[in-house]
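A short worksheet on the structure shown next.
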Amino acid sequence: MHDGQLFVLAIIGMGIFGGIIKMAIRAKHGLPLEDRNHRRGRRYDSGSDDLEAQRKIELLSSENERLTGQIGRLEERLRVLERIATDPAERVAREIEELRTRD
């Protein structure tokens, strides 16, 4: 073999060895393993990933608003229950009677 052929084979060998080391490190740290086809597909298909990410953000935002409102209502109910539990019985009875007479 000529020196040029050995040089080319050495470069190819280093590339393969580097890829194996890279995959081993990614696997050791729990990172997703990717092949060349997956990376290429992702490069050209980034629009659908952006739409999916935007949709997830919208869903999480709406759920966050719903849960924030629910927490507010629960806090109000808790305040009422604390007031009922700590107030004297005659005051609670008087407020109940006031509410009955309103109707």
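Bear in mind that the values in this text are calculations on the coordinates, not laboratory data. Quantities reported herein were computed from a predicted structural model and do not represent experimental measurements. Every residue, glycine among them, receives a Cβ derived from its backbone with ideal geometry; neighbour counts consider all protein chains shown.
What distance in nm separates the two pseudo spin-label positions at residue 66 and residue 28, each 7 Å out from Cα along the beta-carbon direction?
If labels sit at residue 66 and residue 28, their model points lie 4.5 nm apart.
What list of ³J(HN,Hα) values in whole Hz, one per residue of the stretch 65-75 in order, does the Karplus curve 6.51 cos²θ - 1.76 cosθ + 1.60 (θ = phi - 60°) give from phi, with Gly and Pro shown as x?
4, 4, 5, 5, x, 5, 5, x, 5, 5, 5
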